[in-house]
Amino acid sequence: MAMPVLETGIASEARFVIASAPARTDGIHMLAAIDLATAPEFDPASLRSERLGRLYRYWDRRRGGRPMPGRADIDPIDVPWILGFLTLHDVLPEGGFRFRVDASYTATMFGIDMTGRPLDEYPIPAVRDMIRRSLDLVCATGRPLRSDMDYGSAVRHWRYERLILPLAADGARVDMLMSSIDVIAGEG
């Protein structure tokens with residue numbers, strides 16, 4: 001099921017798509033603003049979240065002169081401040097993705113813990129498709145992706161920023177993705 005597109009256009013020479021997942025029975029909805037044209041030219045200055053900026057700077061240091069670091073370059077001891085907010089996605093050889101670790105913060109926020117499960121088991125089809133498109137884009141470009149997201153229900157609303165960073169054991173082919181979110185504004 002494709003996510004219904006609410007708006008597409010060009011903003012400052014960058015193409016964007018804003019899409020919405022249909023509400024679940026509990027009234028949850030999600031909006032995503034994903035900058036498709038500038039993803040390959042990711043600008044770290046576009047990050048508003050200090051936590052995500054810090055994660056990006058760590059990732060950047062760990063890659064050295066390579067396009068991206070490998071999972072072996074990332075040491076959880078170095079980043080205790082992000083661990084509850086960090087999700088790792090395996091890129092499966094047969095195609096698709098598996099949540100190696102789903103951030104405890106994210107699992108609590110959305111009420112879904114995907115740790116150890118393939119993305120295909122994500123229970124909301126439109127959100128699953130949006131996640132897949134984002135992960136596919138980072139795999140295809142080998143570059144970080146930031147996006148602004150809205151999440152809401154009858155009792156809560158959050159606006160958050162998301163960052164997805166590629167990892168590659170060989171320094172070239174993405175075999176894992178590291179992602180995190182940070183709430184920009186929320187109520188409920």
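The values are calculated or read from the model by the stated rules, or taken from the named source; none is laboratory data. Keep in mind that this is a model prediction, so the values were computed, not measured. Neighbour counts are summed over all protein chains in view; Cβ atoms, including those assigned to glycine, are modelled from backbone coordinates with ideal geometry.
Looking at (1) of a type outside the set (Phe, Trp, Tyr); (2) closer than 29 Å to GLY171 by Cα; (3) part of a loop (DSSP other than H, G, I, E, B), which one does THR106 not meet, given that it meets all the others?
(3)
Kindly establish whether LEU165 is out of contact with any Leu (no Cβ under 6 Å at 6 or more places or on another chain), within 30 Å of ARG66 (Cα to Cα), at pLDDT 95 or above and assigned to a strand (DSSP E or B). I'd like the intermediate steps shown before the answer.
Numbers: out of contact with any Leu (no Cβ under 6 Å at 6 or more places or on another chain): yes; within 30 Å of ARG66 (Cα to Cα): yes; at pLDDT 95 or above: yes; assigned to a strand (DSSP E or B): yes.
Against the criterion (out of contact with any Leu (no Cβ under 6 Å at 6 or more places or on another chain), within 30 Å of ARG66 (Cα to Cα), at pLDDT 95 or above and assigned to a strand (DSSP E or B)), LEU165 qualifies.
Kindly indicate the residue of region 99-149 that is of a type in the set (Asp, Glu) and under 17 Å from SER180 (Cβ atoms) and also surrounded by the fewest Cβ atoms within 10 Å (Cβ to Cβ) among those meeting that condition.
Residues of region 99-149 of a type in the set (Asp, Glu): 102, 113, 120-121, 129, 136, 148.
After this cut, where a residue has to be under 17 Å from SER180 (Cβ atoms) as well, the list is 102, 113, 148.
Working: ASP102: 20, ASP113: 14, ASP148: 18.
Only one residue fits best here, namely ASP113.
Do we have ARG71 as within 14 Å of the chain's Cα centre (by Cα), more than 21 Å from ARG48 (Cα to Cα) and in contact (Cβ under 8 Å) with a residue 12 or more places away in the chain here?
no
Would you check if there is a residue in region 125-139 being hydroxyl-bearing (Ser, Thr, Tyr), within 18 Å of LEU163 (Cα to Cα) and in a helix (DSSP H, G or I)?
yes
Could you list, in sequence order, all residues of region 108-125 that are among the hydrophobic types (A, V, I, L, M, F, W, C) and over 18 Å from ARG51 (Cα atoms)? Spell out how you get there, then give the answer.
Step one: list which residues in region 108-125 are among the hydrophobic types (A, V, I, L, M, F, W, C), which gives 109-110, 112, 114, 119, 124.
Hits for region 108-125 are PHE110, ILE112, MET114, LEU119, ILE124.
From LEU83, LEU88, LEU135, LEU177, which residue is at pLDDT 90 or above and touching a Phe, Trp or Tyr at 6+ places or on another chain (Cβ under 6 Å)?
Checking each option against the conditions leaves just LEU135.
Condition first: exposed (fewer than 13 other Cβ atoms within 10 Å of the Cβ), closer than 20 Å to ALA172 by Cβ and modelled with pLDDT of 95 or more. Now tell me which residues in region 55-71 satisfy that.
If the condition is that a residue be exposed (fewer than 13 other Cβ atoms within 10 Å of the Cβ), closer than 20 Å to ALA172 by Cβ and modelled with pLDDT of 95 or more, then ARG61 is the only one that fits.
So which residues in region 84-94 are of a type outside the set (S, T, N, Q) and in contact with a strand residue (DSSP E or B) (Cβ under 9 Å, 6 or more places away or on another chain), if there are any at all?
Hits for region 84-94 are PHE85, LEU86, LEU88, HIS89, ASP90, VAL91, LEU92.
Just one of (1) in contact with a strand residue (DSSP E or B) (Cβ under 6 Å, 6 or more places away or on another chain); (2) more than 21 Å from TYR56 (Cα to Cα) trips up TYR160, so point out which.
Against the list (1) in contact with a strand residue (DSSP E or B) (Cβ under 6 Å, 6 or more places away or on another chain); (2) more than 21 Å from TYR56 (Cα to Cα), TYR160 comes up short only on (2).
Please pick out the residue among THR108, THR115 that is without any contact (Cβ under 8 Å) to a residue 12 or more places away in the chain and β-branched (Val, Ile, Thr).
Only one candidate qualifies: THR108.
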